[in-house]
Amino acid sequence: MSDPIEFLDLMERAEQQRQARRRFIRLCGGAAAMTGGLALLSGCGDDNDNGSPTPSPTPTPSGAITDVAVLNFALQLEYLEGAYYAYAVSGSGVDGALLTGMGTQGPVVTGSGAGAARAVDFSDDVVAEYAREIAADEIGHIRFLRETLGSVRVAQPAINISGSASVDVAGTTAVGAFTAAARAAGVIGAGDIFDPYASDENFLIGAYLLTDVGVSAYRGAARLLTNKTYLEASAGILAAECYHDATIRAELWRRGLTVPSIYTRVSQISALRDSLDGAGDTDQDIGTAATANLVPTDGDGLVLGRSAAQVLNVVFQNGAAVTGGGFFPAGLNGTILTSGAG
């Protein structure tokens, strides 16, 4: 999986998806951004040459979370997913030109030794193809959100995608985020590591740690968006993330038929996430060999959603009101910064 030709193919696929999304922006009449409330941005990559009017911005109520704040929050979740999948497929991260912006740009903390971020030596060609396609989609999401936000996009903050027992984050010693999550869930012992790059199965569990949360984040954000162009674009990304999540969950469930411990480990991770973000059913495992739960939904068949604060509880790996930790050791850029208070 470390073959540079394969990664070039990945980037080419992401570029094709990018061009499709750029055409979508033109058809929508351009993107919108904030100047106090919402004001229109004229440049999202391509000029609007079809003469159609740009969408009218919706006034933002005083004290409300703005559309730009929501999209920048989503962008940073995409930075996280993009980094994980890009390393798993190619052994290197997302192009640095796609990581700049407002706020403090941070590194991708990869760790060293056992558990360090690297290309997965996939043994199953099907799982390898899943990984390549999802990586291309996540890079496409990063490009699309950055182009939509234009000059108000935020930079990638520091991201911890390591499974190492010890990592350095700006001079501070921490534990790789995947290992910290697995220890907290009881998936491994207090002195063990969880290396998501060690095998197909570990990669899928690492993907489950992230992708489930991404789906719930986009579902929760839908109620906050006021501009219809943004809402439609967000719905498109939500649909893609749901496909990714269902693929990961289905493959884990299938593998659990021969390795039953997978069901236990996934259930422990689900229980941890549900305990971090407060009351309510915001997380579900993949079921058992007897009864699958491939799509986590409520009683009406709708995918589960989290508020931004609840999402931060999970990715910061903390049930309290904090501004960093876990996968984002130094916190986020933008205006949505603090997790929920218990």
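The values are calculated or read from the model by the stated rules, or taken from the named source; none is laboratory data. Fair warning: this is a prediction, and the values are worked out from it, not measured in the lab. All Cβ positions, glycine included, derive from the backbone under ideal geometry; neighbour counts span all protein chains shown.
Hey, ILE188 hits all of (1) touching a residue at least 60 places away in the same chain (Cβ under 8 Å); (2) touching a helix residue (DSSP H, G or I) at 6+ places or on another chain (Cβ under 9 Å); (3) under 19 Å from GLU201 (Cα atoms); (4) surrounded by fewer than 24 Cβ atoms within 10 Å (Cβ to Cβ) but one; which does it fall short on?
(1)
GLY334 fails exactly one of the following numbered conditions: (1) touching a Phe, Trp or Tyr at 6+ places or on another chain (Cβ under 7 Å); (2) surrounded by fewer than 20 Cβ atoms within 10 Å (Cβ to Cβ). What is the number of that condition?
(2)
Of the numbered conditions (1) crowded, with 24+ Cβ neighbours inside 10 Å; (2) among the aromatic types (Phe, Trp, Tyr); (3) touching a His at 6+ places or on another chain (Cβ under 9 Å), PHE144 fails exactly one; give the number of that condition.
Only one criterion is unmet by PHE144, namely (3).
Can you give me the number of residues within region 236-267 that are of a type in the set (Phe, Trp, Tyr) and either surrounded by fewer than 19 Cβ atoms within 10 Å (Cβ to Cβ) or touching a helix residue (DSSP H, G or I) at 6+ places or on another chain (Cβ under 6 Å) (or both)?
Selection size over region 236-267: 2.
If THR282 satisfies all but one of (1) crowded, with 21+ Cβ neighbours inside 10 Å; (2) polar (S, T, N, Q); (3) free of Cβ contacts under 8 Å to residues at least 40 places away in the same chain, what's the number of the condition it fails?
Against the list (1) crowded, with 21+ Cβ neighbours inside 10 Å; (2) polar (S, T, N, Q); (3) free of Cβ contacts under 8 Å to residues at least 40 places away in the same chain, THR282 comes up short only on (3).
Is there a residue in region 286-296 that is touching a strand residue (DSSP E or B) at 6+ places or on another chain (Cβ under 6 Å), modelled with pLDDT of 95 or more and not in a helix (DSSP H, G or I)?
Yes, that holds for at least one residue.
Could you please let me know if ASP300 is of a type in the set (D, E, K, R), touching a residue at least 12 places away in the same chain (Cβ under 8 Å) and surrounded by fewer than 17 Cβ atoms within 10 Å (Cβ to Cβ)?
Taking the combined requirement at face value, the residue does not satisfy it.
Based on this model, can you work out whether THR179 counts as free of Cβ contacts under 8 Å to residues at least 24 places away in the same chain and more than 24 Å from GLY101 (Cα to Cα)?
No, not satisfied.
Would you confirm whether or not region 269-278 contains a residue that is closer than 30 Å to LEU149 by Cα and β-branched (Val, Ile, Thr)?
no
May I ask you to list the residues in region 106-164 that are on the phi > 0 side of the Ramachandran plot and in a helix (DSSP H, G or I)?
Residue satisfying the conditions is GLY150 alone.
How many residues are outside any helix (DSSP H, G or I), of a type in the set (A, V, I, L, M, F, W, C) and surrounded by 23 or more Cβ atoms within 10 Å (Cβ to Cβ) if we restrict to region 195-235?
0
Failed condition for GLY278, given (1) over 25 Å from GLN76 (Cβ atoms); (2) more than 19 Å from the chain's Cα centre (by Cα), with all others met?
Condition not satisfied by GLY278: (1).
Which one is farthest from ALA240 (Cα to Cα) among residues in region 297-340 that are modelled with pLDDT of 95 or more and touching a Pro at 6+ places or on another chain (Cβ under 7 Å)?
Result: ALA330.
Would region 213-225 turn up any residue that is over 28 Å from ASP67 (Cβ atoms) and touching a Leu at 6+ places or on another chain (Cβ under 7 Å)?
Scanning region 213-225, I find no residue that is over 28 Å from ASP67 (Cβ atoms) and touching a Leu at 6+ places or on another chain (Cβ under 7 Å), so the answer is no.
May I ask you to list the residues in region 152-185 that are among the polar types (S, T, N, Q) and closer than 18 Å to LEU210 by Cβ?
GLN156, ASN160, SER162, SER164, THR179
Under the condition of being among the charged types (D, E, K, R) and assigned to a helix (DSSP H, G or I), which residue from region 243-285 is nearest to ALA180 (Cα to Cα)?
ARG273
Does region 70-87 contain at least one residue that is out of contact with any helix residue (DSSP H, G or I) (no Cβ under 6 Å at 6 or more places or on another chain), farther than 18 Å from ASP245 by Cα, surrounded by fewer than 19 Cβ atoms within 10 Å (Cβ to Cβ) and not small (Gly, Ala, Ser)?
For region 70-87, residues out of contact with any helix residue (DSSP H, G or I) (no Cβ under 6 Å at 6 or more places or on another chain), farther than 18 Å from ASP245 by Cα, surrounded by fewer than 19 Cβ atoms within 10 Å (Cβ to Cβ) and not small (Gly, Ala, Ser): absent.
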